[in-house]
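Each remark here refers to the structure printed beneath this line.
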Amino acid sequence: MSQLSCLFEAKSLAVVGASNNPSKYGNIVLSNILEGGYKGDVYPVNPNDELVLGLKCYPSLSDIPNDVELAVIIVKNHMVPDVMEEAGKKGVKAAVIISGGFSEAGETVLQEKVIEIIKKYNIRMVGPNCQGVNYTPNKMCATWPVIKQEGKMAIISQSGSVGAELGKKAENEGIGVSAIVSLGNKADVNELDLLEYFDQDKNTGAIALYLEAVSNGEAFLKTAARLKKPVVILKPGKTEAGQKAANTHTNSITGKREVFEGVCRQYGLINTDNLGEFYDCAKLLSMTKKLRGKKIQLVSSSGGGAVLACDAIVGENMELALISEERRSKLKAKYPQHFTVGNPFDLTGDANPTLYKEIMLELSKEEGIDIFMPIVGDPIPGVAEAFLEVREMIEQEIVVCFFGGAEVQVEETMKMHKQGLPVFPSPYRAVKAIAQTFQKKSSIN
Amino acid sequence: MITAVKQKEMLLEPEAYQILRKYDIPLPASRYVCQENEAVAAAKEIGYPVAMKVVSSDIAHKSDVGGVKLNLENESEVRKAYCNIMKLAEQYGHCVDGVLITEMIKDGVEVIIGCSEDAEFGKYIIFGLGGIFVELFKDVSVRVLPLTSVDVEQMICEVKSSKLLTGYRSEKAKYIKGVVDIILKLSKLIEEENIAEVDLNPVIVREDDVYVVDARVFVY
């Protein structure tokens, strides 16, 4: 196991700079750790208080009578070296430095000083100038906002807001995350350490990476070549204006857009263009196995939904699966005349969970289908159970599109997400997320 | 954007040819000459029609200053072209080292193959179909070094206009294997030599062969 397990699996932590003032991050972070349900020991550290949020507060790290594995640090920048020195003496193994005011503010010497200390004591450090770390399997929400639901998506972000947004969206949708790590200045732990860690992490299925610049191109390629799990990337700075802004935000020197696109294709990383695509694709991959092919079968209650899906499938270079003539005649004979038997398979307003199930099970015997996309365009209660049952009985993946279903849609979507079945609120978004996973083009022949 | 500022220098085309030949990259037959009579002799030796290109360290874009003459069919056309190039160079005040006489390569699909350096990922290869496909549609693909033959095949297929190479309507498939070969050889070249930038444009791909017709090579 990598050295970073002492960070994510920490059994005890101290919040240095813990505060009773609700407007301070030292209060927000400690309160989120408690609300998140952290099972390990928590030690607030602050020389000015005896109790913080009802917990006994220690004047300094060295005053804590027990071992501390992780230090979460939210103090003024110039105090950080002393705190880290103390942490080293205390035997702390990992640190998350939320405090800003380091290289990003021109204080490179101060940052160098901190790096020297962590090297001396062999401490792994996230940050400084970051939004913290959340690892749901350890119920360790040392960041904001509070996100508790466990899922398979690990988020690594060079922007605190992007990480928070993705994580919260995943929780609101009932999907959850395994981790959110805000990279900050990457003075020690960088995206490569985290990619390697989450690639091995049994609680993670897919990795979402927001990155303004890679720390080291050559090392990035070496790591990328080794990764087994899908990695979805949003790398801004695609225009000159974006590059300038990235340079101001994280001191990033970004390379050319087409070069990064080439890198992604070459190394099988999934490159996305905006937050929406980034989230959708990470969501899909955290919930499905590797999609085996591009042939999609539509089974719809909505004519309009089916038409939109056809356009999306062709437009995104996916394929409409072809049903054998034999099966077609068999199904045509079995079902009412007003059903459209084929692809799309239109159940019209007669659609109900049993019909979806019957038809998908029958069609699953076809060889030319890789993915089923049931489209639910009406409030049909019970489709979640039907799709979840079918999923257990067939080889093909199911990616659901649910729209126009009002409150029923919200409820059914939640049920499916909680069981790891992905649902998208428009045909295009469902198809686009699928298509993104096939960025790597096949070669000649 | 801030990039490492290293001085780079363009090689004269005969020097560029030399380095490409060392790596067995296919080039048309050529002679580098400094006199009108030598030009005529070289053209005869290569066989008509020929092309004539000015060789000058002052001129980065030869055709922009009338420094490229194509389809020269006979001795008098060669003499006329030579005088013309010298006169133009004089007009612009360019110092001329000589001219390169080359075999005319015609009737193929024009592609570009280039190499440059990225701020994050270092040396990369760029491929695209020539002319408006590159300039207007920016239809190019990129791969970073090191690359495999599978990477190269994928980068060729990836450009939207690749159908012009794989065969479209009555057009037969072109010699894609030759293009793959050039890219692999170029990647070896830039890994081994001290090269800043390469621009092979155009590379003419025909049904059975492929030639780098124009080469700009920059060294540090």
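Computed from the coordinates by the stated procedures, all read-outs in this text should not be read as laboratory data. Quantities reported herein were computed from a predicted structural model and do not represent experimental measurements. Quick reminder, even Gly has a Cβ in these numbers, built from the backbone with ideal geometry, and neighbours come from all protein chains shown.
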- Message: Using the basic label-point model (7 angstrom from Cα toward the beta carbon), what is the residue B:135 to residue B:70 distance in nanometres?
- Response: 1.3
- Query: When DSSP beta bridges are limited to those with both residues in region A:1-92, what percentage is antiparallel, rounded to the nearest 5?
  - Reply: 15
- Rank A:51, A:88, A:100 by how far each Cα sits towards the positive end of the charge dipole of region A:1-129 (+1 on Lys, Arg Cβ; -1 on Asp, Glu Cβ) and give me just the farthest. A:88
- Query: Based solely on its DSSP helices, what 222 nm [θ] is calculated for chain A when runs of n ≥ 4 H residues each add -39,500 (n - 2.57) and the sum is averaged over all residues, nearest 500 deg cm²/dmol?
  - Reply: -12000 deg cm²/dmol
- Note on the structure: Listed residues B:129, B:145, B:100; largest mean-square fluctuation, Gaussian network over chain B with Cα springs below 10 Å, found at B:145
- Message: If I fit a long axis through the Cα atoms of helix B:176-192 and take the longest principal axis of the Cα atoms of chain B, what angle between them do I get, 0 to 90°, rounded to 10?
- Response: 90
- Note on the structure: Measuring from its Cα centre, chain A shows a charge dipole (+1 at each Lys and Arg Cβ, -1 at each Asp and Glu Cβ) which, in debye to the nearest 20, is 740
- Query: Taking the DSSP beta bridges in the protein assembly as shown as the whole, what percent of them are antiparallel, to the nearest 5?
  - Reply: 50
- With the charge dipole of the protein assembly as shown built from beta-carbon charges (+1 for Lys and Arg, -1 for Asp and Glu) about the Cα centre, the Cα from B:114, A:410, A:155 projecting farthest to the positive end belongs to A:410
- Note on the structure: Normalised Cα Rg of the protein assembly as shown, dividing by 2.2 N^0.38 Å with N its residue count, works out at 1.20
- Starting from the Cα-Cα distance between residue B:172 and residue B:206, subtract it from 0.36 nm times their residue separation and give me the gain in nm to one decimal. 11.3 nm
- Query: For residue A:7, what charge total do you get from the other residues with a beta carbon under 9 Å from its beta carbon, if Lys and Arg give +1 and Asp and Glu give -1?
  - Reply: 0
- In nanometres, the difference between 0.36 nm per residue of separation and the alpha-carbon distance of residue A:332 and residue A:63 is 89.1 nm
- Query: Give or take rounding to whole Å, what are the principal axis extents of the alpha carbon atoms in region A:1-129, in descending order?
  - Reply: 37, 35, 25
- In nm, spacing of pseudo-spin labels at residue B:9 and residue A:5 (7 Å Cα→C-beta vector): 5.7
- Message: Under 5 Å between amide hydrogens, which residues at least 5 positions from residue A:140 or on another chain qualify, with H placed 1.01 Å from N in the peptide plane?
- Response: A:135
- Query: Non-local amide H neighbours of residue A:52 (under 5 Å, H modeled in plane, Pro and chain starts lacking H): which ones?
  - Reply: A:57
- Contact order relative to length of chain B, as percent, for alpha carbon pairs under 8 angstrom and 6 or more apart: 24
- Query: Helix B:13-22 versus the longest principal axis of chain B: what is the Cα-based angle in degrees, 0 to 90, to the nearest 10?
  - Reply: 50
- Item | chain B: calculated mean residue ellipticity at 222 nm from DSSP helix runs of at least 4, using -39500 (n - 2.57) | -10000 deg cm²/dmol
- Task: With a bin width of 5 angstrom, please list the P(r) values of region A:290-436 as percents of all Cα-Cα pairs, from the 0 bin to the one holding the largest distance.
- Result: 2, 11, 22, 25, 23, 13, 4, 0
- Item | Residue mean of other protein chain beta carbons inside 10 Å, B:148-160 | 4
- Note on the structure: With label points set 7 Å from each Cα along the Cα-to-Cβ direction at residue A:322 and residue A:39, the distance between them in nm comes to 5.4
- Query: Say a paramagnetic label sat at a point 7 Å from the Cα of residue A:411, along Cα to Cβ; which residues of region A:352-380 have their backbone N under 11 Å from it?
  - Reply: A:380
- Sequence-distant or interchain residues sharing an amide H contact under 5 Å with residue A:43, placed H: which? A:13, A:14, A:15
- Helix B:36-46 sits off the longest principal axis of the Cα atoms of chain B, rounded to the nearest 10 on a 0 to 90 degree scale, by 50
- Message: Sequence gap at least 6, Cα distance under 8 Å: using those rules, report the relative contact order of region A:1-129 to the nearest whole percent.
- Response: 24
- Query: Within straight cross-link reach of residue A:415, meaning Cα distance under 18 Å, which lysines are found once same-chain residues fewer than 8 apart are removed?
  - Reply: A:148, A:152, A:168, A:169, A:283, A:357
- Message: Quick check on region A:3-46: what are the equivalent-ellipsoid semi-axes from the Cα gyration tensor, as sqrt(5λ), descending, whole Å?
- Response: 20, 11, 9
- For chain A, calculate the relative contact order in percent as a whole number, restricting contacts to Cα pairs under 8 Å that are 6 or more residues apart. 11
- Message: Show me the three semi-axes of the equivalent ellipsoid for region B:106-219, from the C-alpha gyration tensor (sqrt of 5 times each eigenvalue), largest first, rounded to whole Å.
- Response: 23, 14, 13
